[in-house]
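Taking it in order: structure first as C-alpha cells, then the write-up.
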2 protein chains.
Amino acid sequence: MKTTRRPATLDDVARAAGVSRSTASRVIAGNGFASPIARERVHTAADRLGYVPNAAARALVRGAGVRLLVAVAGASAAVLDDGYVDQVVSSTAQVCARYGLGVAVEWVPLDEPDRLTRLTDDHGVAGLLLVNTTDVLLGLVPGRLRGRTVSIGIGSTTVPSVDIDNGGGTAAIVRHLYAAGRRRIAMVTGPRWLSCANRSVEAYRGLLRDAGLPAREVLGDFTATRGRAAAREVLRRWPDTDAIVGISDATALGVIGALRAEGVQVPGDVAVTGFDDIPLASATALTTASHPVRRIATAAATMVLEQRPEPGSTVFPSALVLRESA
Amino acid sequence: MKTTRRPATLDDVARAAGVSRSTASRVIAGNGFASPIARERVHTAADRLGYVPNAAARALVRGAGVRLLVAVAGASAAVLDDGYVDQVVSSTAQVCARYGLGVAVEWVPLDEPDRLTRLTDDHGVAGLLLVNTTDVLLGLVPGRLRGRTVSIGIGSTTVPSVDIDNGGGTAAIVRHLYAAGRRRIAMVTGPRWLSCANRSVEAYRGLLRDAGLPAREVLGDFTATRGRAAAREVLRRWPDTDAIVGISDATALGVIGALRAEGVQVPGDVAVTGFDDIPLASATALTTASHPVRRIATAAATMVLEQRPEPGSTVFPSALVLRESA
DNA sequence: GATTGTGGTGGCAGCGCTCCCAGGTGTGTG
DNA sequence: CACACACCTGGGAGCGCTGCCACCACAATC
C-alpha cells in the first residue's frame, strides 16, 4: 500500500512502465505514435498506480481551460433558480465528471450582453453552453471558444445547437385538439426574443391557417403567474374559446387555475395543454409534450467536451403525452 | 482594443505596473507584503488589462485542484437524476463560478464505498460535498481533503455538516396533527442508513411517547412508489389510523394516492403530511415542512470554497407549511 | 558605528503535463 | 549498398502561477 497520499503523476507511471514521460504521455493522451508493447505497459502501470491525469496541468499546457461554463440569458438572476436550469447544470456536471472538468453557471442579463465577454475572457473556461441565448449573445462568442460552444434551444449559423422539436411537439398537440373537435384554439405564447418559443407559435399558426381557423394569441413568459393572467385575457377577448395551448406546463397550470376560478370546466368547456412534461404534469393530469432536458443537455455537453460539435441543429423529438386536461 | 486574443498574464500586469511578477502575485493573491504604491499600480494595471488569474496554473502550483466534487451516495446511479440533487449541484455551480472553479457530480454506490477513494485520489478535486453520505464514507475522506469537505444532511465528529432541522420540522408536523385531534398517527420512514431520515423518525417517536401514544412505523425510501405500498401496509396493520406522516413529499403523495384508491378520505378519514415543500406540494395542497435546499447547498459550498468549514453541524430551521391535507 | 530588526522587493525553481524536435531502428525502393 | 521513408522513442522547453529565499533600505536599539 502506498503510505504517501501523494497522487501518482505521469512520471511515476513512466518510471513504473520503464518508458520515458513523453511515451507515457503519448499513450495516455492517445495522440502520436506508440508501440503496442509500450502502450500495454503504460496502461498496466497506470491502472496499478490508480493514475488520474492532473486536469490543471493538462489544461495549463494545452491552454484549454478547466471548466465548462453554462451561461443562462434572462431578465433577472432568478432564471438560475429554476428546475430547467437545474437539470441542464446537473446533467452537464455528470458528463464533465468523466472528463476531469467541472461546471460553472452564470447569468447573462438580457440588457447587458457584454457580461458574456467578461465571463469568457477567463481562460479557465474550456467550453461554453448557452441557454436561452439570443442572436446578440451568439455573436459575442469569442474565437477562442469557437468549436467549443453549443447552444441549447436556439440555433444559428455560427453556433451549433441542440434542440427539442418544439414545432413538432406543438403540432402534435394542436392536431390532437383539432381531432377532438376543438375549433376555437387559443395559445399563450412565450417571450418573443426566444426563438424556441417562436417555433411553437409558428407551428400553432401554421396548423390553424391550414385548417382555415383564426389564431388567438396572448403573450406569456413560461410562468404560471403570467399563465393565469393570460387565461383571463383569452376569456375576455374570445369568450367562446374551447382550447388553450400553453407554451409550457407551468403556463398551462396557471391557465387551468384561472379557468377553474372563473367556473370554467377543464377539459369540459376548455381543453388545456402544456409543454415539457414536468413531474407536476402527471400529478395534475395535464396533456403535454415531452421534453427530455437531461438527454439534450448531456448531448450538448458531450459535444463541447469532445470538441466536435455537430454543425447546425441536433433536434430531439417531442412526444405527445395524453392525459385528462385535453 | 487588444487585437491579440491572448488573455493577459500576470507577467503582462507586472510589466505594465513596473514591478516584478512576484510583487504582482503578492498583490493579486493578497498574501505577503506590498507597499500601498505597488498595490495601487498593480490593481490599476490588472483592471486595465482585464486580467483574470489562470485557474489552472494557480491550481497546479498550489496543488489545490480545480473543481468541487459532489459525491452522492445511493443504491443506484439514478440518485443523480433527482430534483434534490439537481438543486444541490446547480446551487453549488453558482457559488463555484465566483471562485473560478467548477462542479462535478458522481455517484458512490452504497455497496462500493471505495469508489469515493478513487474519486478523491484525483488531485483535480479542490473540495468535497457529500450528499446522503454514510459513516463508512465519512471515514474514507482522505487527509488531503480534510478541511475541504462538508456533508449535507449527515453530521459526524470528523466532517462538518450543513443540515435541515428534520427533527424540528417533523416535531412541528406531529404537534400540529395532535392539536388537530389526531391520536393514531403512523409514519412512513426513510431508509435506516440515512441519519437525516432517522432524526425525523426519532422526533416522531419522542413526541408520541411523551403523549403516551404508540408508534406505528412502516419502512419507506423517499419515493412515491414505496409510499403507496407503505400506505396499504399501514391500513392493513392498523386500520384505525387517522394520520400518516410521510418522510418526504414524494412519499406523502404516494400515500395519498393509495388511500384515495382505497376509498379513504384525505384529510377527512386520514390526514397526510410530507416534508420538503416541493412545487408539487403546493399544487396538491399537501401540508408539509419547508426544506430550503438551495440555501443549504450554497452555505455548504461556500464553506468548502472558503476553506473554513464550521466544525459540527450548521442547522437550518424547517417551517411548518399548512395546507389542506392535514 | 555595529547590530538587530522590519517592511518591501526581485530572482528563481518547479507544480504536472504536452508537444516539438532530434535521433534512433527497422523495412522497402533505386 | 545507399537511400528514402516509414514508425517509434527520449530529451527538453515551457504553459502561468506561487512561494521560498536572498537581498536592500531604513529605523530603532545597543
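Starting from the label point of B:A29 at 7 Å along Cα→Cβ, the same points in the other copies fall at 2.6 nm, in ascending order.
A:S161 sits among other residues whose Cβ lies under 13 Å from its own Cβ, and their net charge, with Lys and Arg +1 and Asp and Glu -1, is -3.
The other copies place their A:D47 label points at 5.7 nm from this one, listed shortest first, where each point is 7 Å from Cα along Cα→Cβ.
For the stretch A:11-22, the Karplus equation 6.51 cos²θ - 1.76 cosθ + 1.60, evaluated at θ = phi - 60°, returns couplings of 4, 4, 4, 4, 4, 4, 8, x, 10, 7, 4, 4 Hz by residue, with Gly and Pro reported as x.
Percent of accessible area on the stretch B:166-289 owned by carbon and sulfur, 1.4 Å probe? Please report the intermediate quantities before stating the final value.
Numbers: 2510 of 4960 Å².
The computed percentage sits at 51.
Across the copies of the chain, A:G263 has label points (7 Å from Cα along Cα→Cβ) spaced 3.4 nm apart, shortest distance listed first.
Using the Cβ atoms and a cut-off under 14 Å, what net charge is assigned to the surroundings of A:A289, where Lys and Arg are +1 and Asp and Glu are -1? Net charge around A:A289: -2.
Take every DSSP beta bridge whose two residues both sit in chain A; close to 5 percent of them are antiparallel. About the centre of its Cα atoms, the protein assembly as shown shows a dipole size close to 1720 debye [charges on the beta carbon of Lys, Arg (+1) and Asp, Glu (-1) only; nearest 20 debye].
Could you calculate the contour length gain from B:F33 to B:T225, that is, 0.36 nm times the residue separation minus the distance between their Cα atoms, to one decimal place in nm?
Values: separation 192, 0.36 × 192 = 69.12 nm, distance 6.17 nm.
Full-extension gain reported as 63.0 nm.
In chain B, the beta-carbon sitting nearest the axis that superposes B on A belongs to the residue given here with its distance in angstrom, B:G102, 1.
In Å², rounded to the nearest 100, what is the total accessible surface buried by chains B and A against each other with a 1.4 Å probe? Don't skip to the answer; put the middle values down first.
Numbers: alone 15930 and 15930 Å², together 28390 Å².
Roughly 3500 Å² of accessible surface disappears when B and A pair.
Report in % the part of the accessible area of the stretch B:107-151 that belongs to carbon and sulfur, leaving out ligands and nucleic acids; probe 1.4 Å. Don't skip to the answer; put the middle values down first.
On the way: 810 of 1630 Å².
Ligands and nucleic acids excluded, carbon and sulfur reach 50 percent.
What angle, in degrees between 0 and 90 and rounded to the nearest 10, separates the Cα long axis of helix B:293-306 from the longest principal axis of the Cα atoms of chain B? Approximately 30 degrees, to the nearest 10.
So which trypsin sites (Lys or Arg not before Pro) in the stretch A:1-65 end up in coil per DSSP with only 14 or fewer other C-beta atoms within 10 Å? Listed in order of number, the matching sites are A:K2, A:R5. Taking all protein chains together and rolling a 1.4 Å probe, B:T157 ends up with roughly 140 Å² accessible. Normalising the average separation of contacting C-alpha pairs (under 8 angstrom, six or more residues apart) by the number of residues puts the relative contact order of chain A at 16 percent. The residues of the protein assembly as shown expose on average 44 square angstrom of accessible surface per residue, using a 1.4 Å probe on protein heavy atoms.
When the helices in chain B are scored as -39500 (n - 2.57) per DSSP H run of 4 or longer and the sum is shared across all residues, what 222 nm value do you end up with, to the nearest 500 deg cm²/dmol? Provide the component values of the computation, followed by the final result.
Working: 13 runs with 143 residues, N = 326.
Rounded to the nearest 500, it is -13500 deg cm²/dmol.
Within the assembled protein chains, the solvent-accessible surface assigned to B:M187 is about 0 Å², based on a 1.4 Å probe. Apolar share of the accessible surface for the stretch A:10-53: 51 percent from carbon plus sulfur atoms, 1.4 Å probe.
What's the center-to-center distance, using Cα atoms, between the stretch A:295-316 and the stretch B:194-255 in Å? Between the Cα centre of the stretch A:295-316 and that of the stretch B:194-255, the gap is 44 Å.
Residue separation of A:S76 and A:T44 scaled by 0.36 nm, minus their Cα-Cα distance, works out to 6.4 nm of gained length.
The values are calculated or read from the model by the stated rules, or taken from the named source; none is laboratory data. On a predicted model such as this, the values are computed, not experimentally measured, just so you know. As a convention, Cβ positions derive from the backbone with ideal geometry for all residues, glycine included, and neighbour counts pool all protein chains shown. When the accessible area is computed, the model is the full protein with side chains, heavy atoms only, and any ligands, DNA or RNA have been set aside. Shrake-Rupley method; radii C 1.70, N 1.55, O 1.52, S 1.80 Å.
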